[in-house]
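Colleague: Pasting in a structure now, in C-alpha cells, and then I'll have a few things to ask.
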DNA sequence: ATCCGGATGAAACAAACTTGCAATCAGCTG
DNA sequence: CAGCTGATTGCAAGTTTGTTTCATCCGGAT
C-alpha cells in the first residue's frame, strides 16, 4: 500500500483477466499478455502490495445458500454530525447481512445492500438497524426481482 | 449446475473462508475445518459445478485504476411491457461502467451502480443510457462520498 | 562511456493441486 | 441380522502451478 501504482498496459491486461477468473494460471496469463510467468507473478504481487488488488475471493450465489432475497435500502438520517455519521457507518458495516454500504450525496444519506433469507428476517433487521436508531429519520425499501448484473468488476480499458 | 446443492456444515465453513480469500491453500482450509485436502478440493469442485460458487475473482480498487467516482442511480421507466424491460436489462448489463444492475419493486424500476473516472464521463453516460432511451421516464443520481463497505459476501452462518 | 536501478526470461526448486485406490460409514434390502 | 450399495473419506503418488535464483538487458543519469 506504499505510494505509486502507475499501471502500464501489461498490468491492465492482467487485471482484466484476474477480475474475471483469478484461478487462471500465470503461464496462461503470460501467454495472453506476452510475458513470462515470473513477470506476471511479480506484477500481481506488486499490485496486491499497492492495494490495487484489494482481495481474492469466491463469489457465491446467495439463493443457493438460503439467502434468496436481495434488498436495497435508502436511509436518511436526522443529524449529519460527524460522530453520528461515523457511528452509523460502523453500525451498518458490522452487520453481516449488509453486503454493501455507501455514504452518498443527494436525497438520501446512506445506501445499503442487504441479503436475507425471508422477509421476516428483513423486518427484524429493520427494527434493529433503523427503528432502534434515533438518528435514522426514514428509510425506503426496494426489493430486487432480478439480479440483472452483479459484480464488482472495474473496466480497465 | 445440476440440481441439489444441500450444503452441510463443512461446505459452509469452506465457503466462509473462500469468500474472504480464495487463495487459501486447500491444506490450510482442511486444517481449519478438520478435513483432508482432497476432501476440501472435491467439495469446492462440487459447489462450483452446482453454481453455488459463481466465480473466483480478484477485487480491484476502482480509485487506484482511475475510476475514483462511484455513482448510484435509480431509474424509472415509462412502460413495464416485458419486451421493453428485457431490452432495458440487456442495454444496462452490456455497459462496462455499469457494475451492478437490479430490477426492483418500489418507487423505482432499476437500480444501477456505476464507476467512472470523471463526472463528465458520467454525464456522457447518462446521455447515452437515459436521455437516448425513450422508455426512461426519469432517473435520480446519488454520488458516493464514502464506500463504507463494499463486497458480495453472503453470510453462511 | 560508465554506472545504476528496474524489469525480464530460463531454469531449478518448492508448494499446491489432482487422481487412484482401499477403507469406512450410513442406509437399505433381503 | 447379514449383506449390499452408494457416497465420502484419507493416504500416497503423480502432475501442475507457483516461487526463487540468477544472469542479462534496457534506459537514464553521472
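Nothing in this text is a laboratory measurement; each read-out follows from the coordinates by a stated rule. No experiment lies behind these values; they were computed from the predicted model shown. Methodologically, a virtual Cβ is constructed for each residue, glycine included, from the backbone with ideal geometry; neighbour enumeration extends over all protein chains shown.
Colleague: Quick one: residue B:77 ticks every box in (1) under 29 Å from residue A:89 (Cα atoms); (2) more than 9 Å from every other protein chain (Cβ to nearest Cβ); (3) surrounded by 19 or more Cβ atoms within 10 Å (Cβ to Cβ) except a single one, so which number is it?
Modeller: Only one criterion is unmet by residue B:77, namely (1).
Colleague: Also: Restricted to the range B:9-32, and to residues that are exposed (fewer than 15 other Cβ atoms within 10 Å of the Cβ) and within 10 Å of another protein chain (Cβ to nearest Cβ), which residue is farthest from the chain's Cα centre (by Cα)?
Modeller: By that ranking, first place goes to B:23.
Listed here are the residues, each with its yes/no results for (1) surrounded by fewer than 17 Cβ atoms within 10 Å (Cβ to Cβ); (2) closer than 15 Å to residue A:113 by Cβ; (3) within 11 Å of chain A (Cβ to nearest Cβ).
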{"residue": "B:94", "(1), (2), (3)": "yes, no, yes"}
{"residue": "B:112", "(1), (2), (3)": "no, yes, yes"}
{"residue": "B:118", "(1), (2), (3)": "yes, no, no"}
{"residue": "B:122", "(1), (2), (3)": "no, no, no"}
{"residue": "B:147", "(1), (2), (3)": "yes, yes, yes"}
{"residue": "B:155", "(1), (2), (3)": "no, yes, yes"}
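Colleague: So is residue B:99 without any contact (Cβ under 8 Å) to a residue 40 or more places away in the chain and either more than 11 Å from chain A (Cβ to nearest Cβ) or surrounded by 18 or more Cβ atoms within 10 Å (Cβ to Cβ) (or both) or not?
Modeller: Here the answer is yes, as residue B:99 does meet what is asked.
Colleague: List the strands (runs of 3 or more DSSP E) that sit entirely inside the range B:1-104 and contain at least 1 residues that are within 16 Å of DNA strand C (Cβ to nearest atom).
Modeller: Because the criterion is at least 1 residues that are within 16 Å of DNA strand C (Cβ to nearest atom), the strands (runs of 3 or more DSSP E) in the range B:1-104 that meet it are B:53-60.
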